[in-house]
Structures are given as structure tokens and as C-alpha cells.
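Asks: Here's a structure for you.
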Amino acid sequence: IKSGFGSILADDMGLGKTVQVLATILYFKEENPMESVSSLIIVPPTLLSNWQQEIERFTPELSCHIYHGTGRSFPSERHDIILTSYSMVRQDLDMFLNESWFICAVDEAQNIKNPGTKQTQAIKAVNAFNKIAVTGTPIENRLTDYWSIFDFVNPGYLSTLEDFKTRYVKPIEKLGDEKKLENLKRIAKPFVLRRLKSNAEIRRELPEKFVNDIYCSLTKKQIRLYNNLLDGTFKSIADMKDIERRGNILKLITRLKQTCNHPGQYLKSDNPKITDSGKMELLVETLENILDMDEKVLVFTQYVEMGKIIQKLVSEKLKTEVLFLHGSQTRKEKARVIDSFQEKAEYKILVATLKTGGTGLNLTAAQNVIHYDLWWNPAIENQATDRVHRIGQENDVMVYRFITKGTLEENIDKMIKSKTDLAEKSISTDETFITELSDDELKEILRLRI
């Protein structure tokens with residue numbers, strides 16, 4: 001850092017990357033007061049309040065100004081840190097280019113993994129003496145993600161994108177060339193700090209994490225709806241090709257997942273019932289047991305609509321207030337929900353959408369995590385779990401993955417688990433791979449086995 005080289009802080013999720021960035025800025029402030037140069041921290045908007053709280057908690061010596069929202073403005077006096085979001089840099093790029101920054105740190109750096117987007121190009125244009133990319137998942141799907149992040153911290157070090165593809169991406173991803181992979185790790189190592197929870201010295205500081213796959217059955221109502229969706233879609237796609245076929249398959253997958261969650265989600269029912277869904281019955285039973293132990297629990301779902309159903313049915317059945325964290329809330333509303341869950345004993349259950357509650361937040365008040373529906377990318381699921389299983393957690397963490405037996409959920413989960421080297425080999429793990437399958441292969445994965 002002192003030499004001006006950028007770095008990637010890629011410690012496993014929950015190992016205190018936020019504090020490390022703040023400690024670095026504080027160190028250089030104490031070494032050299034930086035009388036005229038501020039540091040810029042760029043984060044997803046959902047994490048602004050979390051970063052502000054961490055600054056106040058761990059480094060109150062650092063002055064901070066939040067640049068965000070409709071009334072945003074740069075302060076007239078110097079602050080140690082300007083805290084902003086990705087969208088603000090993209091929208092007001094000229095404002096940020098007019099400043100010279102000491103450190104520019106980007107949190108959840110996977111947000112700049114696509115080198116062609118305006119957002120990535122804007123972030124890379126910011127002028128700073130030193131750049132730090134913060135991410136617990138430096139490679140989610142493809143090695144080109146890694147190149148783009150590295151190009152932010154040390155432009156040109158991994159050559160051009162086309163040269164990188166020829167030299168590393170094709171040999172590693174297409175041919176499984178282990179020597180090329182080791183060579184890439186070797187040349188990147190001086191600029192990457194990555195410590196895993198599996199490391200012996202880290203394990204001593206963290207509680208245990210126990211992951212349980214919990215299987216539930218569909219109700220008769222769910223079975224009828226699931227089979228009707230399958231039959232109707234396969235008849236309609238028989239003569240479709242290319243984009244039209246892929247689009248209809250993705251719609252089918254979403255509808256089947258919604259049906260597995262609760263038929264009321266797909267049917268948009270105004271009066272959903274617990275007994276309509278085997279998974280909802282399992283959730284209520286699991287939550288009752290957790291509340292009996294006087295523990296807190298974080299429940300993840302991909303869908304806002306499903307989160308609302310969970311909040312309504314659980315609060316009515318268990319006679320307790322259920323908090324809900326989702327993307328439509330303002331920053332202050334999100335901060336209020338998180339603070340209530342973390343600090344107030346009466347709030348035991350927090351439901352969160354995966355995209356809003358799954359990254360960057362500290363939710364160590366919970367000892368339990370429930371994944372109500374599963375994401376096809378294990379890195380994203382693990383990142384969500386690590387909102388709870390992180391430094392600061394004093395209890396063992398129980399993780400429950402709900403899977404509807406005999407459905408696409410179980411079939412695809414088995415497929416993903418059979419590819420244990422997905423992260424290392426950077427094979428895509430989203431739903432789009434299913435659209436390339438033949439009709440017979442599709443039927444084999446999606447058909448109901450009961």
C-alpha cells in the first residue's frame with residue numbers, strides 16, 4: 001500500500017474486512033495526517049448505514065461524510081472518509097474525478113466484475129493513490145470476474161482482457177489446466193490477502209457452523225399446480241426455438257420454485273394458508289423450536305412476495321412480531337430493522353431477501369439461519385449465511401436449507417453438490433444452464449418424483 005500498489009482483500013466472509021479497511025485508513029492518518037486528502041469508500045446502497053455504524057464503533061477518530069440521496073453534496077470541510085454508493089459514482093462521476101483520493105476502497109467488489117458496464121468503467125476512472133477491492137467471493141462464476149477486479153486495483157498487471165482470456169481463461173476453464181491455474185495464483189498472490197475460515201488460526205476464533213438439509217413434502221395443492229405447470233409449458237415449448245424457448249423455460253423454473261415455496265406466491269393469493277405449503281408448515285415448526293430455546297433466527301428468501309407471506313403467516317401463528325428487510329425500504333428503514341434485530345431482545349425473527357440481507361451486513365444476534373428457498377450459486381448462499389457466522393458471533397450457528405423432496409429443488413441441489421470445484425473452475429452456477437438442455441433432459445430434472 002505504501003508503494004501505491006492496489007490490493008484485493010478477499011478474506012472469507014465474516015472475518016472482519018470492513019474493520020481491516022478502516023484500520024488501514026486510520027493507520028495512515030496517524031502516520032501522516034493527510035491534511036488535504038480524503039479516502040473514498042464505495043459500497044452498495046444497502047450497506048451505507050452498516051459502514052457508518054462500523055466507523056463510529058471501531059474508528060471514531062475518523063470523520064465521515066455520506067454522499068448519497070437527492071440532497072447529496074460534497075462537504076466544504078475535509079473529512080477522512082467520503083462514503084458513497086456505486087450508483088452515485090456513476091451518476092456524478094465528474095464530481096469524483098475532480099478530487100484526488102488517498103485510498104479508494106470498493107466493498108462487494110464483485111459489483112465491478114463486468115468490465116463493459118458503465119458502473120465498472122466509472123469506478124475504475126476514479127483517481128486514487130491506492131485502491132482496495134473488498135470481496136469475500138473474488139470468483140463467483142468466471143475468471144474474467146477476477147481480471148476485472150484486478151484491473152481496478154492494478155490496471156494492466158494481468159495484461160489486457162483478450163490476452164488474459166487467451167493465456168488463462170481458455171486453458172483453465174475449457175481444458176482444466178492446473179499448471180496455468182497455479183501460475184495465475186502465483187503472480188496474483190502478492191496483491192491478494194485471502195484467509196479462509198477453514199484455516200487453523202481462524203477456526204480457533206470462530207464458533208462451529210452446522211449445515212442441515214431439511215426435506216419437506218409438497219401438499220396435494222402444490223402437487224396439482226406443479227404438474228399442471230409442467231404439462232402446460234412442455235406442450236407450449238415443443239415448437240419453440242432459441243430465445244423464445246429459453247425465456248419460457250426460465251419462466252417455468254421461477255413458477256415451479258414459487259409453487260414449492262407456497263402456492264399462494266405463484267397464484268398471488270390474498271388469503272394464503274400455512275397448510276397449503278409443506279415448506280411453510282416446516283418453517284413454522286422450526287421457528288417454534290427456535291423460539292422455545294429463546295434464540296434468534298434469520299430467514300432468507302429470494303422473493304419479496306414470499307417474504308411478505310412468511311411475515312404475515314408466522315406473525316399470526318406464533319403471535320410475535322416478524323421483522324422484514326427488503327430492497328424497497330429506504331436506507332433509514334433498513335437501518336432501523338437491523339438495529340431492532342441486533343439490539344432488542346423482543347425481536348427474534350428477521351426475514352430478509354437474499355439480495356438485500358445477503359451481503360455486507362452484520363447480523364450476529366442470530367444463532368440460526370434458514371434458507372427458505374435455495375440459490376443456485378453456492379457462493380451467494382454462503383455469503384448470506386456468513387451474515388451470522390462471522391467474527392463477533394459467540395455461539396455455534398445452525399443453518400437449515402429447506403428442500404422440497406422430489407422436485408427441481410432436490411434435483412438441481414444434487415447437481416450443484418456434485419460439482420465441488422465450481423468456484424475454483426469458475427463454472428457458471430445460475431439457472432441459465434438449464435435452458436440449454438434438451439426437452440428430455442429438462443423433463444428428467446424438473447419432473448416430480450413422489
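The values are calculated or read from the model by the stated rules, or taken from the named source; none is laboratory data. What you see is a predicted model, and the numbers here were worked out from it, not measured in a lab. Methodologically, a virtual Cβ is constructed for each residue, glycine included, from the backbone with ideal geometry; neighbour enumeration extends over all protein chains shown.
Asks: Going residue by residue through segment 187-198, is there one that turns out to be farther than 28 Å from D386 by Cα and in contact with a helix residue (DSSP H, G or I) (Cβ under 7 Å, 6 or more places away or on another chain)?
Replies: No; the residues of segment 187-198 include none that is farther than 28 Å from D386 by Cα and in contact with a helix residue (DSSP H, G or I) (Cβ under 7 Å, 6 or more places away or on another chain).
Asks: Look through segment 286-327, keep the residues that are under 17 Å from G264 (Cβ atoms) and small (G, A, S), and return whichever of them is nearest to the chain's Cα centre (by Cα).
Replies: G307
Asks: If you don't mind, there's one more thing I want to ask. Need at least 1 residues that are more than 14 Å from the chain's Cα centre (by Cα) and modelled with pLDDT of 85 or more per element, so show me which helices (runs of 4 or more DSSP H) inside segment 338-441 make the cut, counting only ones lying wholly within it.
Replies: Of the helices (runs of 4 or more DSSP H) lying wholly inside segment 338-441, those with at least 1 residues that are more than 14 Å from the chain's Cα centre (by Cα) and modelled with pLDDT of 85 or more span 408-417.
Asks: Take the residues of segment 123-176 that are in a loop (DSSP other than H, G, I, E, B) and among the β-branched types (V, I, T): which is farthest from the chain's Cα centre (by Cα)? Even if it seems obvious, please write down each step before you answer.
Replies: Step one: of segment 123-176, the residues in a loop (DSSP other than H, G, I, E, B) are 126-127, 135-142, 154-160, 175-176.
Those still in the list that are among the β-branched types (V, I, T) too: 126, 135, 137, 139, 160.
Values: V126: 25, T135: 10, T137: 9, I139: 13, T160: 28 Å.
Filtering first and then ranking leaves T160.
Asks: A further question follows. Within segment 197-204, does at least one residue satisfy the condition of being within 19 Å of G406 (Cβ to Cβ), free of Cβ contacts under 8 Å to residues at least 60 places away in the same chain and either assigned to a helix (DSSP H, G or I) or charged (D, E, K, R) (or both)?
Replies: no
Asks: Testing A188 on (1) in the same structural domain as Y400 (by TED's automatic domain parsing); (2) surrounded by 13 or more Cβ atoms within 10 Å (Cβ to Cβ); (3) of a type in the set (A, V, I, L, M, F, W, C), one condition comes back false. Which one is that?
Replies: A188 satisfies all of (1) in the same structural domain as Y400 (by TED's automatic domain parsing); (2) surrounded by 13 or more Cβ atoms within 10 Å (Cβ to Cβ); (3) of a type in the set (A, V, I, L, M, F, W, C) except (1).
Asks: For segment 75-123: of the residues being more than 21 Å from Q20 (Cα to Cα) and in contact with a His (Cβ under 8 Å, 6 or more places away or on another chain), which is surrounded by the fewest Cβ atoms within 10 Å (Cβ to Cβ)?
Replies: For segment 75-123, the residue satisfying everything is P75.
Asks: Of everything in segment 328-337 that's without any contact (Cβ under 8 Å) to a residue 40 or more places away in the chain and over 18 Å from the mean Cα position of the chain (by Cα), which residue is surrounded by the most Cβ atoms within 10 Å (Cβ to Cβ)?
Replies: V337
Asks: Report whether or not I214 is closer than 30 Å to I450 by Cα and surrounded by 12 or more Cβ atoms within 10 Å (Cβ to Cβ).
Replies: Numbers: closer than 30 Å to I450 by Cα: yes; surrounded by 12 or more Cβ atoms within 10 Å (Cβ to Cβ): yes.
Yes; evaluated as a whole, the condition is true for this residue.
Asks: Continuing with the same structure: Please tell me if E173 is in contact with a helix residue (DSSP H, G or I) (Cβ under 7 Å, 6 or more places away or on another chain) and in contact (Cβ under 8 Å) with a residue 60 or more places away in the chain.
Replies: Against the criterion (in contact with a helix residue (DSSP H, G or I) (Cβ under 7 Å, 6 or more places away or on another chain) and in contact (Cβ under 8 Å) with a residue 60 or more places away in the chain), E173 qualifies.
Asks: What single numbered condition from (1) assigned to a helix (DSSP H, G or I); (2) free of Cβ contacts under 8 Å to residues at least 40 places away in the same chain; (3) in contact with a Ser or Thr (Cβ under 9 Å, 6 or more places away or on another chain); (4) among the polar types (S, T, N, Q) fails to hold for N114?
Replies: With respect to (1) assigned to a helix (DSSP H, G or I); (2) free of Cβ contacts under 8 Å to residues at least 40 places away in the same chain; (3) in contact with a Ser or Thr (Cβ under 9 Å, 6 or more places away or on another chain); (4) among the polar types (S, T, N, Q), N114 is out only on (1).
Asks: Being outside the structural domain of K131 (by TED's automatic domain parsing), more than 24 Å from T404 (Cα to Cα) and touching a Lys or Arg at 6+ places or on another chain (Cβ under 6 Å) narrows it down to one residue among I243, I237; which is it?
Replies: Among I243, I237, only I237 is outside the structural domain of K131 (by TED's automatic domain parsing), more than 24 Å from T404 (Cα to Cα) and touching a Lys or Arg at 6+ places or on another chain (Cβ under 6 Å).
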